[in-house]
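The values are calculated or read from the model by the stated rules, or taken from the named source; none is laboratory data. Computed from a predicted structure; not experimentally measured. Methodologically, a virtual Cβ is constructed for each residue, glycine included, from the backbone with ideal geometry; neighbour enumeration extends over all protein chains shown. Calculation scope for accessible area: heavy atoms of the full protein, side chains included, ligands and nucleic acids excluded. Shrake-Rupley method; radii C 1.70, N 1.55, O 1.52, S 1.80 Å.
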Amino acid sequence: MLKKVIGTKGIFLLASLITALSLSGCADGLTEQESEGTVIYKEKLPENQETEHSEYAGADNTSNNAETVAPAKEDTAETVKPEAKAPVQSEPVSQPQAETSQPQAEKSQPQAEKSQPQAETSVTLTDNGKAFLAQMCNELNDFNSRQAMDDKFWHDFLFNSYTGGTSENTVTEQVYREDLGFDETVVKVSIQKAQERVKLVFGIELPDFKPAFEDMEKGQTSFFYKDGNYYIGVSDMPDYQYTFSECVADKENASNTIVKYTIDFMGESNVGTVTLGISPENNENGFIIRSKVTEFVK
């Protein structure tokens, strides 16, 4: 009787131990399946239970494979779409290039116009010629070729040419002026020298212009002719400075050249301009003066 009882308890304990070991193995199998996803485990169970576990694992593997394949298709679809859009983005890029090329073509047109050579002048102006014309700006009254050169014109030209007394060869004398009550300093200029200057400036002969001392008005600065000489009272000229500006061909008369000077006065720049018309001449300057126009800034 006692052997039966012990035998029964032993069987019971053995069955409990087998069950515990089975549960432990099952847990290890589940853990291994979760970590690797495709591992199939087997339990020491009846054949029908082992088949069920195998089918379940197979089903899990199939479902896992399906899940992993689907994202791959989505990624492929997403990467293909931007490639299809790439040609669309490249179309507007070429348009600004075509637009920007138009202003460049337009800008090239003024450059072509500027590159056109200017017409050659009839006179080649030297530094000495420029200095001479600057002097004429101060000494010569405005005139043109259509204007009559009367006695007043010649009086003003000769007076302005010598009244400053700046020439190194200037000869001066004292002339008593009864109307003024003192001796006046005058510049003595031979008629030959006056004629040469007129010829150099205008290319013509000085007319018979010989005013007498008695013909002068009271109080005026001396200007008279006597014994082959002009006597011109010394006086100051306006303090104008003339600066060469340009020398261009005369569009209205191809034989003439236009020369311009700017005027400075009392520290102010560009208060006016002087325009001289000159033409070629066989003399020491290489030109004569045809006209002169003075314009002051208003």
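In a fully extended conformation the segment linking residue 295 and residue 172 would gain 40.9 nm over its present Cα-Cα distance, using 0.36 nm per residue. Please work out, to two decimal places, the log10 of the ratio I(q)/I(0) at q = 0.13, 0.15, 0.16, 0.20 Å⁻¹ from a Debye calculation in which every Cα of the stretch 204-256 carries one identical scatterer. Listed by q, the Debye log ratios stand at -0.66, -0.74, -0.76, -0.83. Equivalent-ellipsoid semi-axes for the stretch 172-236 (Cα gyration tensor, √(5λ), whole Å, largest first): 24, 12, 10.
Close lysine pairs were tallied over the stretch 140-261: pairs 8 or more places apart or on different chains with Cα atoms under 19 Å apart number 13. Heavy atoms only, probe 1.4 Å: what % of the accessible area of the stretch 181-298 goes to carbon and sulfur, would you let me know? Summing carbon and sulfur atoms, their accessible area is 46 percent of the total for the stretch 181-298. Dividing the Cα radius of gyration of the stretch 148-298 by 2.2 N^0.38 Å, with N the residue count, gives 1.20. Can you pull a Stokes-Einstein diffusion coefficient for the stretch 115-159 at 10 °C (1.306 mPa s), Rh from Kirkwood over Cα pairs, as a whole number of µm²/s? Using the Kirkwood radius from Cα pairs, D works out to 120 µm²/s. Over the stretch 121-212, the ratio between the Cα radius of gyration and 2.2 N^0.38 Å evaluates to 1.26. The simple spin-label model puts a point 7 Å past each Cα toward its Cβ; for residue 226 and residue 248 those points are separated by 5.1 nm.
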